[in-house]
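Contents: one structure, followed by commentary.
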Amino acid sequence: MIKQREALEALARCMPRLLARALLQLPEGSVREIRIRSGQPTAIHTAEGVRLCSCEPTPQQVEQMAEALCEHALYARAEEQRSGFVTLRGGHRMGLCGRVILQGQSVRALREISSLCIRIAGQWPGAADRLMPLLNDETGRPLSTLILGLPGTGKTTLLRDVCCRLSEQGHRVGVVDERSEIAAMCGGQAQLEVGPNTDVLDGCPKEAGLRWLLRSMAPEVLLTDELGTPADVQAVLDAAAAGVCVVGTLHGRSLKPAPARGLLSHILLNNAFERYVLLDAAAVGQVAAVYDAALQPVELP
């Protein structure tokens, strides 16, 4: 997998010189997000905060950057555009804004692109090291696990490392990557490491994808990001009934107010998971607490 410096150099080649220079002057591994807006200073979000670059691209430059970043196939990827973003080589995700072309009530295309939000893909090998001993039972069977945290706390990064570890242990792992953020498939190949025994279903809705993999790939473990509907939870329950472990994530701050939160309440009432991992809201990637199926604390090693 490519390092961030190499990834930024590839992105910089698609950008105006002033922006490219500002980007490459930043410390290795510090860039999180690049927000480019027509006629406005570019905002580079780093681990230390936001840095503004005086580069104020014209509408034509924004369009040219989007085309170049997509390897001159932006409009050939209209299906991805309709989701609001495209996955770039290297696993980065580029969100798009502009003029929406409708067909009835559905988005047909995006034209006159005015804003880009490039989220830099990150890999943190070892993120799950402390957690893994708690995610197996005494026989070594993986336990269905839900990772909860606020946006930006590292849920997907942790999920990806759990995926790698389970796959390296020899488990058959199936990933439903609806938003191309776990494996970041591009051209039929994962841009981010997900392990040697992992099959990825890219761009598929979670409910349909979980059932698809269950039928077609005989997985021992299913992974997916951001459970969002009762139908997603039902697919998790169906997988558990078939003897398959599921590892997923959910936006959340705490397990305590569960009765007032529809989806989390549904998950807890149906005993959908055997482990609940709560991430620290103040420290990216840090585990604050782990709970068992009965919501009793499990001591971290």
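Restricting the search to the stretch 165-212, which residues are surrounded by 23 or more Cβ atoms within 10 Å (Cβ to Cβ) and basic (Lys, Arg)?
Across the stretch 165-212, the qualifying residue is only Lys206.
Among (1) outside the structural domain of Ile44 (by TED's automatic domain parsing); (2) without any contact (Cβ under 8 Å) to a residue 12 or more places away in the chain; (3) not in a loop (DSSP other than H, G, I, E, B), which single condition is Glu138 missing?
With (1) outside the structural domain of Ile44 (by TED's automatic domain parsing); (2) without any contact (Cβ under 8 Å) to a residue 12 or more places away in the chain; (3) not in a loop (DSSP other than H, G, I, E, B) applied to Glu138, the lone miss is (3).
Find the residue count for the stretch 47-70, including only residues that are of a type outside the set (Gly, Ala, Ser), modelled with pLDDT of 90 or more and within 22 Å of the chain's Cα centre (by Cα).
Residues flagged as of a type outside the set (Gly, Ala, Ser), modelled with pLDDT of 90 or more and within 22 Å of the chain's Cα centre (by Cα) within the stretch 47-70 amount to 3.
Report, by residue number, each residue of the stretch 34-69 that is in a loop (DSSP other than H, G, I, E, B), out of contact with any helix residue (DSSP H, G or I) (no Cβ under 6 Å at 6 or more places or on another chain) and more than 15 Å from Ala12 (Cβ to Cβ).
Listed by number, the residues that qualify are Gly39, Gln40, Pro41, Ala47, Glu48, Ser54, Glu56, Thr58.
Under 8 Å by Cβ, and 6 or more places apart or on different chains, what pairs join a residue from the stretch 249-261 that is in the same structural domain as Thr224 (by TED's automatic domain parsing) and loosely packed, with under 14 Cβ neighbours inside 10 Å with one that is of a type in the set (Ser, Thr, Tyr) and modelled with pLDDT of 70 or more?
Note: pairs meeting the criteria are Pro259/Ser265.
Identify all residues within the stretch 25-46 that are modelled with pLDDT of 95 or more, out of contact with any strand residue (DSSP E or B) (no Cβ under 6 Å at 6 or more places or on another chain) and surrounded by 13 or more Cβ atoms within 10 Å (Cβ to Cβ); write none if there are none.
Gln40
Can you name every residue in the stretch 71-86 that is within 15 Å of Cys14 (Cβ to Cβ) and touching a strand residue (DSSP E or B) at 6+ places or on another chain (Cβ under 6 Å)?
Val86
When only residues in the stretch 129-158 that are among the polar types (S, T, N, Q) and more than 13 Å from the chain's Cα centre (by Cα) count, which is farthest from Leu227 (Cα to Cα)?
Ranking the qualifying residues of the stretch 129-158, first place goes to Thr139.
Considering the stretch 78-113 alone, what residues qualify as being assigned to a strand (DSSP E or B) and buried (at least 18 other Cβ atoms within 10 Å of the Cβ)?
Phe85, Val86, Thr87, Arg93, Met94, Leu96, Gly98, Leu110, Ile113, listed by residue number.
Please go through the stretch 1-33 and give me each residue that is polar (S, T, N, Q), assigned to a loop (DSSP other than H, G, I, E, B) and either touching an Asp or Glu at 6+ places or on another chain (Cβ under 9 Å) or touching a residue at least 24 places away in the same chain (Cβ under 8 Å) (or both), ordered by number.
Correct list: Ser30 only.
Write out, first by first residue and then by second, each pair whose Cβ atoms fall under 8 Å of each other, whose residues are 6+ apart or on separate chains, and whose first residue, in the stretch 60-83, is in contact (Cβ under 8 Å) with a residue 40 or more places away in the chain while the second is of a type in the set (A, V, I, L, M, F, W, C) and part of a loop (DSSP other than H, G, I, E, B).
Every condition considered, the pairs that remain are Met65/Cys14; Met65/Met15; Ala66/Leu74; Ala68/Cys14; Leu69/Cys14; Leu69/Leu88.
Kindly indicate whether Pro151 is touching an Asp or Glu at 6+ places or on another chain (Cβ under 8 Å), surrounded by fewer than 16 Cβ atoms within 10 Å (Cβ to Cβ) and modelled with pLDDT under 90.
For Pro151, the condition - touching an Asp or Glu at 6+ places or on another chain (Cβ under 8 Å), surrounded by fewer than 16 Cβ atoms within 10 Å (Cβ to Cβ) and modelled with pLDDT under 90 - is not met.
So Ser265 clears everything in (1) surrounded by fewer than 14 Cβ atoms within 10 Å (Cβ to Cβ); (2) under 23 Å from His171 (Cβ atoms); (3) among the small types (Gly, Ala, Ser); (4) in contact with a helix residue (DSSP H, G or I) (Cβ under 9 Å, 6 or more places away or on another chain) except one condition, right? Which one?
(2)
Which condition does Leu279 not pass, out of (1) more than 23 Å from Gly174 (Cβ to Cβ); (2) buried (at least 18 other Cβ atoms within 10 Å of the Cβ); (3) of a type outside the set (Gly, Ala, Ser); (4) without any contact (Cβ under 8 Å) to a residue 60 or more places away in the chain, if it passes all the others?
Every listed condition holds for Leu279 apart from (4).
The values are calculated or read from the model by the stated rules, or taken from the named source; none is laboratory data. Note that this is a predicted model, so its numbers are computed, not measured. As a convention, Cβ positions derive from the backbone with ideal geometry for all residues, glycine included, and neighbour counts pool all protein chains shown.
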